[in-house]
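Here's the structure we're looking at; comments come further down.
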Amino acid sequence: MKYLLGVDIGTYSSKGVLLSSEGELAAEASVEHDLIIPQTGYAEHDAEHTWWGDFTTICRTILSAASHESVVAGDIVAVGVSGIAPCVLPVDRGGRPLRNAILYGVDTRATAEIDTLNNDLGIDWIREHAGTDLDSQSAGPKILWLRNHEPDVWEKTHAFMTASTYLAYRLTGACSIDHYTAAFYSPLYDLPGQDWNKRAVKRICPDKRLPKPAWATEVIGTVHSEASGATGLAIGTPVVAGTADAATEAVGAGVTRPGDTMLMIGSSVFIITWTSELPSDGLFWSAPALTPGPCAVAAGMATAGSVTRWFRDQLGGGAGAAQAADYQRLMEDAARIPPGAEGLLALPYFSGERTPISDPRARGVIAGLTLSHTRAHIYRALLESVAYGVRHNLEALAESDVPTAALTAIGGGTKNPVWMQIFSDVLGREITVRHTAGASFGDAILAAVGAGILPDLVHAKKWVPEGTVFRPGADEHRLYDSIYPDYLALYTGTREIIHRLADQPERKLP
């Protein structure tokens, strides 16, 4: 029997799976890690300790577990990797990290650099070549931030990597990035030409190396001896380029055809739909798909599960093992609160917001509090606020002529049935929740295509288990329909105030 290994690096944890060539789960492992927040608006990972450390731990744990079924490292015919993206990790000529990796859109430090690049390159030019407006999800401004703020690091920097690039590099020595993830290095990636844009590179990082673009299922090298010693993988095992975690989540959930739409409800929200044509308005992230041919359009919210985690940590009262039980209590309490949270309405912008408002200075708001409201009311209002944010994105996608047909939800948030029913009621649409192993499952599928076990990603759908369908309640949807305009108005009505509050840390006493 042949096997495929898939490993994904997430915001708060990493996970790996071993699949048989029939798509059956043979072993799995996970490792939790910390998110480094040096100051407000910053989010980082230690690439050596977290990314590579988690990867090696997962490999050895899976190989140990699989050995009980007489599976050995040589039975693994390909490896697929993914990770949070886009990240900016500067490395020296030896591929050694020079600082912590700057993470994806949850890190909002480069607002000034966004303005600089918009002025220098022009918004219309950026839309034409990058396919999207610059925002906190764009890696290009963060590279420019490094150039402006950390000259010592910049001087030593030879190349930039994201999480999947770094893992594949540590395994094979090849510095590669898939086209889908490269597109989020905007404005550095030229969408029409599917390569790095010379003008943008000259403006941002003229003397630095960017990874070579490849397709996610493309074998970019094999495991070398040093990596074999660290991971236990066999020397010569093929490694595919891999991609961003959200894209492999979609693959693992069976979202592979045009119109299929994935809602990834994790620490943040990421929405991916495959399409044959890209929008031209720049509101959303556009990218090549994982293989030649189709295109991807993506949207995302900066927070989702991170808000519920914040609520649990600050107001839940649990610690350690009790925290999981407290999530259960919070869900049960929220289920007893009627839709609309009895007059509470929230904005989930605790880390700014990505699409469709693209406002890194947005902040969370809870409106309508009275002395009769309880902890459960606030928790339900926060759950509803994320669902309203998803609706805002789906409606904006429709206005951009991007269809979102069948909705498939995955991620940690889908374990909360109360939340999933709220999503369905707010959206007024059926949602299928897929109970898969997540992005690492999709990574193994990428490896299967790279190894020739599957002919393409569409055929991987036979490996995806059936899901649970949530259907909207008519009365609940009508109520949420009546509240939704107030959700939109709450942001526009408080925007100037929350922007001033966002700037308040810079306003000090004399």
Using a Förster distance of 60 angstrom, determine the FRET efficiency expected from the C-beta separation of A367 and K462, and round it to 0.05.
0.80
What pairs in K415/K462; K2/K142; K208/K461 have C-alpha atoms more than 31 Å from each other?
K2/K142; K208/K461
Given the Cα-Cα distance of S64 and T494 and 0.36 nm per residue of separation, how much length would full extension add, in nm?
149.4 nm
In what order do T261, T40, T222 fall by count of nearby beta-carbon atoms within 10 Å, going from fewest to most?
T40, T222, T261
Share of antiparallel DSSP beta bridges in the chain, in percent to the nearest 5?
70
Over the Cα atoms of the chain, compute the convex hull volume and normalise it per residue, giving Å³.
147
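Could you work out the longest stretch of the chain that avoids the trypsin sites (Lys or Arg not before Pro) located in DSSP loops with at most 15 other Cβ atoms within 10 Å?
94-335
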Full-extension gain between I235 and K202, please, as 0.36 nm times their residue separation minus the C-alpha to C-alpha distance.
8.0 nm
To the nearest 500 deg cm²/dmol, what mean residue ellipticity at 222 nm is calculated for the chain from DSSP H runs of n ≥ 4 alone, each contributing -39,500 (n - 2.57), summed and divided by the residues?
-11000 deg cm²/dmol
Take every Cα-Cα distance within region 1-78, group them into 10 Å bins from 0 onward, and report for each bin the whole-number percent of pairs it holds.
19, 43, 24, 11, 4
Find me the longest stretch of the chain that has none of the exposed GluC sites (Glu not before Pro), where exposed means in a DSSP loop (not H, G, I, E or B) with at most 14 other Cβ atoms within 10 Å.
70-276
Separation of alpha-carbon centers, region 463-503 and region 152-205, rounded to whole Å
35
Can you report the principal axis dimensions of region 62-213 using only the alpha carbons, biggest first, rounded to whole angstrom?
60, 34, 26
Whole-angstrom gap from region 242-278 to region 11-77, using each part's C-alpha centre
21
Toward the positive end of the charge dipole of the chain, about the Cα centre and with charges on Cβ (Lys, Arg +1; Asp, Glu -1), which of A183, T108, A27 goes farthest?
T108
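Read the figures in this text as sums done on the coordinates, not as results from a lab. What you see is a predicted model, and the numbers here were worked out from it, not measured in a lab. Note: ideal-geometry Cβ built from the backbone for every residue, glycine included; neighbour counts use all protein chains shown.
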